[in-house]
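> Pasting a structure below so you can have a look.
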Amino acid sequence: MKRKNVTIEEIAKAANVSTATISRIINNKGNVTKETRNHVINVMNQMEYKPHNLHPLSDPESRIILVCVPDFRNPFYNQVIDGIQKAAHEEKYNVLLLQSSDYYSRIEDFAEVFKEQSIAGIIILSSVPESDSELLNDLSLRCPVVMCSEYAENYGVSFVSINDVSSSEKAVSYLISTGCRKIGLLNSLTKFKYARHREKGYRQALTQCGLDCNENWIAHISSISYDVAYSTAMHILQLPNRPDALFCCSDVYGIAAVNAAKVLGLRIPEDLSVIGFDNVDIARMSHPALTTIAQPMLQMGYQSCSLLIEKIQSPDTPDRQIILNTELIIRNSTKLPVERVGQ
């Protein structure tokens, strides 16, 4: 029976070569040994893979790296971009920023950008839903690609990210250790990988401790917007059976929750504990300062750019997936663990 939707990653894995090698064979460009070419073509035939007539988008002689950022309003991206620029500058590359949002969803959209500007490779901070895997497939064939923070779960391109599931478990478990038993969640839309994984970690932590997951305390917010998060927190905190803690998937949401609670006359952390995520600068500026999960944002950006430059300069470099550690930063928006009270 004929297979459908075979991915480049599957071909590369079956042939034991990099996706870059596959790209050069498909586009008949670059140095590939006759033996490797014949082997890969044989694997393609066995898997009934029929590539499109693709042409390279990137220029390996260019000194410009394209960085796709979904939304410049999210402070999380500031340090990530700083890290990318630091690594690029060290290797004498320049960085071109593109707010991708929902405007760039087809290969033709990116082709227009590459047509106007000679680009060596691309770093993607935007989410790539499973339905858009063909876009990532085409992009990775046509130019060096590395994903940063977000990554496609069904496609094995190089990426640098964190373990959002275990990080969220850590945050919610800490809330439970302080005596909180009614824990809500302010989350982003689950079209984002990080939002799905953080919600999974939240639910796992509750289940492991035998606590109920009240769906009325869970909200999915369309963007990293303080105003929308504030309104959402106000609604949840005025429910007849309100939570005694909120885990927020962004520090922006966390600060919105703290401020909404204060307007309602709730004390932080005595009446409501709040944990954020990211550890951006505003987490320290809030009153009280926000307990949060710290991401290594600068390192994430730096390593993503280093991976991309490696792929640009050495196309045979295998795809790599790097998971960085996070840290729980305890501040005054949460109580002390129960066993430490009174010590």
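The values are calculated or read from the model by the stated rules, or taken from the named source; none is laboratory data. Computed from a predicted structure; not experimentally measured. Please note: Cβ atoms are built from the backbone with ideal geometry, for glycine as well, and neighbour counts cover all protein chains shown. Heavy atoms of the whole protein, side chains included, go into the accessibility calculation; ligands, DNA and RNA do not. Shrake-Rupley method; radii C 1.70, N 1.55, O 1.52, S 1.80 Å.
> Under the 0.36 nm per residue contour assumption, what length would be gained going from the current alpha-carbon distance of CYS209 and LYS115 to full extension? Please list the in-between numbers first.
Details: separation 94, 0.36 × 94 = 33.84 nm, distance 5.46 nm.
Fully extending the segment from CYS209 to LYS115 adds 28.4 nm.
> Rg/Rh for segment 225-267 to two decimals, with Rh computed the Kirkwood way over all alpha-carbon pairs.
Rounded to two decimals, Rg over Rh is 0.92.
> Name the helices (complete DSSP H segments) of the chain with a Cα length along the long axis of 15 Å or more and a Kyte-Doolittle mean of at least -0.5, or state none.
Flagged H segments are 76-90, 164-177, 226-237, 251-263, 297-313.
> Could you rank the peptides 166-173, 204-211 by their average count of other C-beta atoms within 10 Å per residue, with the highest value first?
Going by the mean number of other Cβ atoms within 10 Å, highest first, we get 166-173, 204-211.
> Taking only protein heavy atoms and a 1.4 Å probe, what accessible area per residue, in Å², does segment 200-290 have with all protein chains in place? Write out the running numbers ahead of the final one.
Numbers: 3880 Å² over 91 residues.
Per-residue value: 43 Å².
> If you don't mind, another one. For the chain, which whole percent of the accessible surface, found with a 1.4 angstrom probe, sits on carbon and sulfur atoms?
That fraction is 48 percent.
> Any chance you could run the full-extension gain for LYS92 through LYS34? It's 0.36 nm times the residue separation minus the Cα-Cα distance, nm to one decimal.
17.5 nm
> Next question. Given LYS115/LYS191; LYS182/LYS335; LYS200/LYS262, which pairs have Cα atoms separated by over 18 Å? Before the final figure, lay out each step's value.
Working: LYS115/LYS191 30 Å; LYS182/LYS335 14 Å; LYS200/LYS262 29 Å.
Cα-Cα > 18 Å for LYS115/LYS191; LYS200/LYS262; rest within.
> Assuming 0.36 nm per residue, please report the length gained on full extension of the stretch GLN313 to ARG267 beyond their Cα-Cα distance.
Fully extending the segment from GLN313 to ARG267 adds 11.0 nm.
> Could you tell me the largest-minus-smallest coordinate of the C-alpha atoms of segment 241-286 on each of the three principal axes, in descending order and whole angstroms?
Sorted largest first, the three principal extents are 30, 17, 14 Å.
> Still on this structure, I have one more. Divide by every residue of the chain the summed helix terms, -39500 (n - 2.57) for each DSSP H run of at least 4, and state the resulting mean residue ellipticity at 222 nm, rounded to the nearest 500 deg cm²/dmol.
Result for the chain: -13000 deg cm²/dmol, rounded to the nearest 500.
> Still on this structure, please answer the following. Averaged per residue, what accessible surface does segment 37-96 expose to a 1.4 Å probe, in Å²?
On a per-residue basis, 57 Å².
> Assign one of three labels to segment 198-318, namely rounded, prolate or oblate, based on the Cα gyration tensor with a ≥ b ≥ c the square roots of its eigenvalues; rounded applies when a/c is under 1.5, prolate when it is not and a/b is larger than b/c, and oblate otherwise.
prolate
> Let me ask another. For segment 143-204 and segment 59-80, what is the separation of their Cα centres, given in Å?
Answer, in whole Å: 22.
> Roughly how many nanometres apart are two label points built 7 Å out from the Cα toward the Cβ at MET47 and ASP59?
Those two pseudo-labels are separated by 3.2 nm.
> With a bin width of 10 angstrom, please list the P(r) values of the chain as percents of all Cα-Cα pairs, from the 0 bin to the one holding the largest distance.
5, 24, 28, 20, 14, 7, 2, 0
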